[in-house]
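Heads up: the structure comes next, in structure tokens.
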Amino acid sequence: MPIGRRHYSLVINRLVFEDIICIDNRPRMSSPINGTLNGNADVEKRDPSEIKPVIPQSFIKKIVRRLYGMEVLDFTELNSYDDRNYHIHVDTDINNTYIEAINPSGYVLKVLNSGDSKDPAIIEAQHQLFYHFHRKGLPVQEPVRNIHGQTWAVETVPDDKNPARTYGPYIFHMLNYIEGDVVCKKPYLPTTLYNIGFENKYFRNKSKGFIWSLTEMAGLLEYTFAVKDKENLEIVNEVIKAFQDEVVPNYNKITEGYIHGDINEQNILVREILENQNTESGVKCPCDVTAFIDFADASYSYRVFDVAIMVAYMSIDCKEFDQLDVGGHVLAGYFTQSTLNAEEMDVMRICICCRLVQSLVMGAYSYHMEPSNTYVLQTAKRGWPLLSKFWKTSKIDLLKRWDEIINDYKNICK
């Protein structure tokens, strides 16, 4: 099934960049999955304010002035799952000796949820990872030091109407803002997916020497009560069991390494490619990847998980062609820079389904806890049908169609 016969359009209208970065768009599994809650009773009684920080709008300018010596000119809240993120622009006149020059594109002020704020080691590890990649010459966000020379601070937040009442404490930290379009603003073309797979080389070749570990998805069953559809729940339970039976026993056969952990359509920045320009991968494409952002879920884990996460999220929003083909294009790009062994390819389908299950179950749980937050359900509409589609497709059939796509790229790249 050659690429040419699939009628993929490689023509795109010139689009205007919107200078958007949406951070933490997908469910973050670190807190619940690491066991900060035990049992359905504790989960169901959890206060919604513990899931997402309560930050009055008037507090943003005050905290930036006090912590960073900056005067905020304007700010916009960005999409976030269980934290708060604000894109801010500041005045050029600053009172912070640790900042040599103002970033003209602004900054991202991040406020961690109260659960993650209890473990400062998480944010310290993330910042060390940023520094590590920056020293390797990669385009990643950099932490901004506050007036005390620190890259984060713990703060309580007073209630606007009742100053005696406070929220938190929360961890506040700031990163420089990187301009670009998130990939979901562009058509999901095969060559774009190829380049995404190609650029994942960063996490294989540039992360050596940096080791920090987070646990994976054990404990998700505590949250499945929030899935009300019986058929969906049945698939969820089957996927979790398959992971325990077929992936966990093979940990010694799959490759460990540092992974991003959440490469989704909101965490990939792309730029428009002019006609006479080439992408780094060498494959002609209207858009090329400029950066991966948001390292909140980064960990020392198994490299196949990162590839599976990429495929899962790129498949959800792909409307341009069959979602089951997305993995073939991503892997074609990935294989130009790296490899996966037979055991890793063998568990790929299950790992993709596991990520979909994580996203869908935690979305249902968050909605159960906070019914007014319909944002957390944005994955569900296309995610549940996709999960069913993947699960009903055999591993053999899936790998076969991916192999055909990968071979097509080998032919055109000769």
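FYI, it's all coordinate maths here, none of it is from the lab. These numbers were taken from a predicted model, which means no experiment stands behind them. Note that each Cβ is placed from the backbone with ideal geometry, even for glycine, and that neighbours are counted across all protein chains shown.
Side notes on the structure shown:
- Net length gained if the chain between A164 and Q57 were fully extended (0.36 nm per residue, minus Cα distance): 36.8 nm
- Note on E238 and R271: the extension gain reaches 7.9 nm, defined as 0.36 nm multiplied by sequence separation minus the Cα-Cα distance.
- Residues Y177, Y251, sorted so that the one with the fewest Cβ neighbours within 10 Å comes first: Y251, Y177
- From the alpha carbon centroid of segment 327-379 to that of segment 74-94 is 28 Å.
- In this simple spin-label approximation, I396 and R135 carry label points 7 Å from Cα along the Cα→Cβ vector, and these lie 5.0 nm apart.
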